[in-house]
Structure formats: structure tokens, C-alpha cells
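Visitor: Would you mind keeping the following structure in view while I ask a few things?
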Amino acid sequence: MLSESLTKAISEQVNAEYYSAYLYQAMSAYAEDASLMGAANWLWVQTREEMAHGIHMYQYILDRGAIPSFDTIQAPPASTSFSSLLDVFEAVLVHEREVTERINKIATLAMKENDHACYHFIMWYVNEQVEEESNARNIIDRLKLVGNNAGQLLTLDSELATRLYVNPFPTDVKLM
Ligand code: FEO
């Protein structure tokens, strides 16, 4: 059975994943309002991934014989508070670095408690965070190269439009 401390930590992370989904949805709304439909798509796919992460963690708690706890989900910044797509993706990177710290704390706790199953579970997220941060950094670098060139921005936007949502946990019935 999952310990009380790990149940609390992962329940809090479920909440944080739903907050991430909410944050990316607010960012997607900014992009759509700015007619950057590719970026809006990319951020929408991210929203769906974050929901999948939250549900996956929720199910893990139940699968380990514990019950998740629920709390208020924080409101994201207003979509109108973003000043540019670069501003959005810089906020994505700051956010994902915070998520990495949270995930690492859970991994450390699982290690301390010698919960090998939980450690294995959370390592998927440790690796996922490397990709999350790398994706954000890559888009930031490209947005900096684009600068104020509207044509290049639209080219980058077309690339972001090609991102498709793929269920990261295809065997999880709740996510089908
Ligand atoms: Fe659920 Fe963006 O990590």
C-alpha cells in the first residue's frame, strides 16, 4: 500500500498537473486570440497531456490501495496577461522547471521510503520532464531567431500546428 506521505505528495501532484492543464489552456486561448492557430494547437495538445498525467497519477494512488485527496485548483494567469508568444513559452519553461522540482521531490521521497514501485512509477515523469523542458527551450530559441519577422513567425506557427495528441498511457482505460 502507498504510504500516507507518498499518497499526499502524489495527490498534490495530481492537482498540480490539472493546474498545468488549466495554465496551458489559458495560453492556448492567448494564441488563438492572436490568430496563431499552430501555437494554439501545440498548447492545446499540452493541455490534454497534462490531464492525462493527472489521471494517470490518480489511478496509480488507487491501484496502490490508497485514496487520492482533492483540493482547489489554482487559477492560471489571465490569457490577456501574456504579451507575445515568446512571453508564453518563457512562462512554459519557468513552469516546467517548477514541475521538475516537484517530481524530483517525489522521487526522493519514494527512495527514502524504499518504495521501489513508486520510484519506478515516478521515474517516468523524471524522464518526461527532460523532454518538457527541452521542447520549451527549443521553441524559445526559435522564437528569438524569428524576432519581429511576421513571415517566419507564421512558418514556425505552421510547424506547431502539426503536433498531434498521442495518449502517453495507451493501456489506461480511463484515458482511451
Ligand atoms: Fe505534466 Fe508538463 O508535465
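Visitor: As an exercise: evaluate LYS105 against (1) closer than 25 Å to PRO170 by Cα; (2) part of a helix (DSSP H, G or I) and give the number of the one condition it does not meet.
Guide: (1)
Visitor: Identify the residue in segment 1-59 that is acidic (Asp, Glu) and within 15 Å of the chain's Cα centre (by Cα) and, among all such residues, is surrounded by the most Cβ atoms within 10 Å (Cβ to Cβ).
Guide: This residue is GLU17.
Visitor: Say we look at segment 122-174 and pick out the residues that are closer than 20 Å to VAL14 by Cβ and of a type in the set (A, V, I, L, M, F, W, C); which of these is farthest from the ligand (Cβ to nearest atom)?
Guide: Top of the filtered list is VAL173.
Visitor: Another question, if that's okay. Check segment 36-46 and report whether any residue there is within 12 Å of the ligand (Cβ to nearest atom), part of a helix (DSSP H, G or I) and closer than 22 Å to PHE121 by Cβ.
Guide: Yes: one or more hits.
Visitor: So ASP63 fits all but one of (1) within 15 Å of the ligand (Cβ to nearest atom); (2) charged (D, E, K, R); (3) surrounded by fewer than 20 Cβ atoms within 10 Å (Cβ to Cβ); what number is the exception?
Guide: Of the numbered conditions (1) within 15 Å of the ligand (Cβ to nearest atom); (2) charged (D, E, K, R); (3) surrounded by fewer than 20 Cβ atoms within 10 Å (Cβ to Cβ), the odd one out for ASP63 is (1).
Visitor: I would also like to ask the following. With MET57, MET27, MET51 as the choices, which residue is touching a residue at least 12 places away in the same chain (Cβ under 8 Å), in a helix (DSSP H, G or I) and in contact with a Leu (Cβ under 7 Å, 6 or more places away or on another chain)?
Guide: Matching residue, one of MET57, MET27, MET51: MET27.
Visitor: So HIS116 fits all but one of (1) within 13 Å of the ligand (Cβ to nearest atom); (2) surrounded by fewer than 19 Cβ atoms within 10 Å (Cβ to Cβ); what number is the exception?
Guide: It is condition (1) that HIS116 fails.
Visitor: Same structure, new question: Are any residues in segment 129-154 exposed (fewer than 13 other Cβ atoms within 10 Å of the Cβ) and either part of a helix (DSSP H, G or I) or modelled with pLDDT of 95 or more (or both), and if so, which ones?
Guide: VAL130, GLU131, SER134, ASN138, ASP141, LYS144, LEU145, GLY147, ASN149, ALA150, GLY151
Visitor: Answer yes or no: is there a residue in segment 97-107 that is at pLDDT 95 or above and over 17 Å from the mean Cα position of the chain (by Cα).
Guide: Checked segment 97-107: at least one residue is at pLDDT 95 or above and over 17 Å from the mean Cα position of the chain (by Cα).
Visitor: Another question about this same structure. When you go through ALA26, ALA9 one by one, which is the residue that is modelled with pLDDT of 95 or more, over 26 Å from CYS118 (Cβ atoms), within 16 Å of the ligand (Cβ to nearest atom) and among the small types (Gly, Ala, Ser)?
Guide: ALA26
Visitor: Is it the case that ILE73 is closer than 18 Å to THR7 by Cα, in contact (Cβ under 8 Å) with a residue 12 or more places away in the chain, part of a loop (DSSP other than H, G, I, E, B) and within 16 Å of the ligand (Cβ to nearest atom)?
Guide: Yes: the conditions hold for ILE73.
Visitor: Among the residues that make up segment 78-99, is at least one of them within 14 Å of the ligand (Cβ to nearest atom) and outside any helix (DSSP H, G or I)?
Guide: Looking for residues that are within 14 Å of the ligand (Cβ to nearest atom) and outside any helix (DSSP H, G or I), one finds none in segment 78-99, hence no.
The values are calculated or read from the model by the stated rules, or taken from the named source; none is laboratory data. Owing to the predicted nature of the structure, the values given are computational and were not obtained by experimental measurement. Backbone-built Cβ (ideal geometry, glycine too); neighbour counts: all protein chains shown.
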